[in-house]
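What follows is a set of notes on a single structure, which appears directly below.
Just so it is clear, none of the values below were taken in a lab; they were calculated from the coordinates. All values reported here derive from a predicted model rather than from experimental measurement. FYI the Cβ positions are ideal-geometry reconstructions off the backbone, even for glycines, and counts take in every protein chain you see.
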Amino acid sequence: MELSVGRLATIDVVIIAVYLAGITILGVWIGRFIKTDEDFFLGGRNLPWWAIGMSMVVSDIGALELVGVAGMAYTYGIAVANFDWIGCIPAMVVAAFIFIPYYWRAKVFTVPEYLGRRYNQFVRSLVALLWGVFFLFMLGIFFYTAALTMNILCGWPMTFSIILIATVVGIYTFFGGLAAVVFLDSIQCVILFIGSFIILGIAMFKVGGYSQLVDMVTAMGGKGQHFNLLVSPDTPTPFGWACVLFGLTFVLSPAYWLGNQAIVQRNLAARSEYEAKKSVLWGGFLKLFIPIMLVGPGIAGLALYPELAKGDDIFPTLIRDLLPPGLVGIVFAAFLAALISSVDSYLNSAATLWTKDIYQQFIRRDKSQRHYMIVGRVLTLVFVVIGVFLAPITEKFPHIFGYMQTMLSIFQGPLLSIIILGLLWRRANGKGAIAGLCLGVATSSTLFAIQDKLFTAPEPFLYIAWWAFLAGLVTTVVVSLLTKPEPPEKIEGLVYSSVRKSKKVG
Amino acid sequence: MRDWLAELLKPLAEWLFVLVMSVPLSVVRLIFLGILAALAIWALTLPPQRPEPVDGKKPSWFTDLRFFAVGLLLLQSIFYLIF
């Protein structure tokens, strides 16, 4: 049998097969309850907080992070943990108390829909297109990272791996929509935690404990900063403290947690406003453990395998070399869980954006809820195929994680600026938002074009995100002040000051 | 065009780089911890974040999400104190 190639024993193959079959069947079963577009895209707005929180977190740590973050930790040290700590927790607290309640009360399906109500249809369509195209590229990246690890781990052909994942995710997302995604993600979250802590525990045991790890890594020379969260901007890493603070904490992280449709869509599906807030804070709590699970194996791997050519090879190498049969199956299932949870989220969100913000707005306006549900399902299948074809493009970029961040930072900064101003400043208007978005994206694109001549940091996407955010912010403010304000009745209930006065919670 | 733009922005980039390099890492740590502390204080100033009362009963204080948030930020601060 072809699946027996490489390191996988029969027991591992059985574990993986049972896992994949189980989630597929469960997803199809959930699909029996899907009747309308609200069921398909938002789980009938009746999903529990604990499942949403777990889904948010596990969607954020796809295989991309298992491979990429462990690789970055191998190469640069624990500074990469900033992405999950200062790069998540503060933004999630702000999102829980300010932004998520507004989205939830507005009863929208998507973030662009909120922006459309706050500004205008053009802003909605522009943002939906940006996210919609980005999600399709992300699907390609996710498929590629899965295939890469499977190839290193057990020699599976890249094409076979891509098609396997695409088939499983495609089936249960097609039938079950967001409800299947969220409930299966919560199962995958548990599997991911178990698998990751298994590999961390074994790697640390091999190293001989934390003190031994520190001694071994510092003895290598040139690795003095591997155990510092805060590193100087002149170190050869993309994580100097200045870009972490300005680019990550102030821009990319908030943009992600309060502007990324794949994340926010779950909160919109909560049973109540209180549960929507609680889900974000629960997700934040789980986030505290992620660097321990991902960065830990990367640094332990450096002590065990100091001569790897590429940092991104460390996670698959640890699985292949350290784990006995049976445990390989569990850890591999955890890896698949991470991958699948990201793919299903982006797939479902892409289908939501293209259906609600593009198809329903420009192609068929007044159709039944069932019609839009069917369109969402058809688009789910179409996007699986597109993702499969985009996967090989990713191979051209050496650092997978940096690649994703680069793509994000082009438009996340400007997008955040119009979201923040839209919610917090009554005077912000549609013309200002369009100008801010366009100039912000132009700024980030220009800075990317000249990055090698301007920045000392490798992959300076965090700095670029910061400057693009500022450009978007200033432009939106100036253009808004020079043009007519939005009518008060149009923005009622969509701006912070107007709702805070009511102190409505729960 | 690319070179011209890079040359134009280079002095500003270098000035900013020197500026951030002049900040000691101990001060940077304080800034990071300060952000977390400021957020915790802000969370406590918000109105109570409890669920809707059921059967007229007021939910317990520990259902108040403000305390969840403060706990989360405190836990986060520990990592930035240690590393």
TODO: Take peptide B:71-82, look around each residue's Cβ out to 10 angstrom, count Cβ atoms belonging to other protein chains, and average those counts.
DONE: 4
TODO: May I ask you to list the trypsin sites (Lys or Arg not before Pro) in segment A:99-206 that are in a DSSP loop and have at most 12 other Cβ atoms within 10 Å of their Cβ?
DONE: A:Lys107
Task: Three-way shape label, the protein assembly as shown, alpha-carbon gyration tensor, a/c 1.5 - done: rounded
- [ ] Would you calculate the separation in nanometres between label points at B:Leu46 and A:Thr456, each defined as 7 Å from the Cα along the Cα-to-beta-carbon direction?
- [x] 3.9 nm
Task: Residue-averaged 222 nm ellipticity for chain A, from DSSP H runs of 4+ at -39500 (n - 2.57), nearest 500 - done: -22500 deg cm²/dmol
TODO: Only helical DSSP H runs with n ≥ 4 go in: add -39500 (n - 2.57) per run for chain B, normalise by residue count and round the 222 nm mean residue ellipticity to 500 deg cm²/dmol.
DONE: -24500 deg cm²/dmol
Open item on the list: Give the aspartates and glutamates whose C-alpha is closer than 16 Å to that of A:Lys277, dropping any in the same chain fewer than 8 places away, or say none.
Closed with: B:Glu52, B:Asp64
Task: Positive minus negative residues near A:Ala269 (Lys, Arg vs Asp, Glu; Cβ under 13 Å) - done: -2
Open item on the list: Under 5 Å between amide hydrogens, which residues at least 5 positions from A:Gly326 or on another chain qualify, with H placed 1.01 Å from N in the peptide plane?
Closed with: A:Ala9, A:Asp12
TODO: Report, in degrees rounded to the nearest 10, the 0 to 90 angle that the Cα long axis of helix B:25-45 makes with the longest principal axis of chain B.
DONE: 30 degrees
TODO: Just subtract the alpha-carbon distance of A:Leu481 and A:Lys107 from 0.36 nm times their residue separation and send over the number in nm, one decimal.
DONE: 131.7 nm
Task: Exposure proxy order (Cβ contacts within 10 Å, fewest to most) of A:Ile263, A:Ile314, A:Ile418, B:Ile41 - done: B:Ile41, A:Ile263, A:Ile314, A:Ile418
Task: Of A:Lys278/B:Lys57; A:Lys35/A:Lys107; A:Lys356/B:Lys57; A:Lys35/A:Lys287; A:Lys310/B:Lys10, pairs whose Cα-Cα distance is over 28 Å - done: A:Lys356/B:Lys57; A:Lys35/A:Lys287; A:Lys310/B:Lys10
Open item on the list: Run the reach check for A:Lys206 against aspartates and glutamates, Cα to Cα strictly under 15 Å, same-chain hits fewer than 8 apart removed. What comes back?
Closed with: A:Asp215, A:Asp321
- [ ] Report, in order of residue number, the helices in chain A meeting two criteria: a C-alpha extent of 20 Å or more along the helix axis, and a mean Kyte-Doolittle hydropathy of at least -1.0; treat each whole DSSP H run as one helix.
- [x] A:10-30, A:121-154, A:158-207, A:273-287, A:290-304, A:327-352, A:369-390, A:400-424, A:430-449, A:461-482
Task: Radius 14 Å from Cβ of A:Thr476, net charge of other residues (Lys, Arg +1; Asp, Glu -1) - done: +3
Open item on the list: Restricting to Cα pairs below 8 Å that are 6+ residues apart, what does the relative contact order work out to for chain A? Please round to a whole percent.
Closed with: 30 percent
Task: Taking A:Ser125, A:Ser59, A:Ser161 and counting other C-beta atoms within 10 Å, the order from fewest to most - done: A:Ser125, A:Ser161, A:Ser59
Task: Alpha-carbon gyration tensor eigenvalues x 5, square-rooted, for segment A:162-212, Å - done: 34, 13, 5
- [ ] Sort A:Asp234, B:Asp64 so the one with the fewest other Cβ atoms within 10 Å of its own Cβ comes first.
- [x] A:Asp234, B:Asp64
Task: segment A:353-382: trypsin sites (Lys or Arg not before Pro) in DSSP loop, at most 16 other beta carbons within 10 Å - done: A:Arg364, A:Arg365, A:Lys367
- [ ] Find out how many positive minus negative residues lie around A:Val123, taking Lys and Arg as positive, Asp and Glu as negative, among other residues whose Cβ is under 14 Å from that of A:Val123.
- [x] +2
TODO: Return the average number of partner chain Cβ atoms within 10 angstrom of each residue Cβ along peptide A:89-102.
DONE: 4
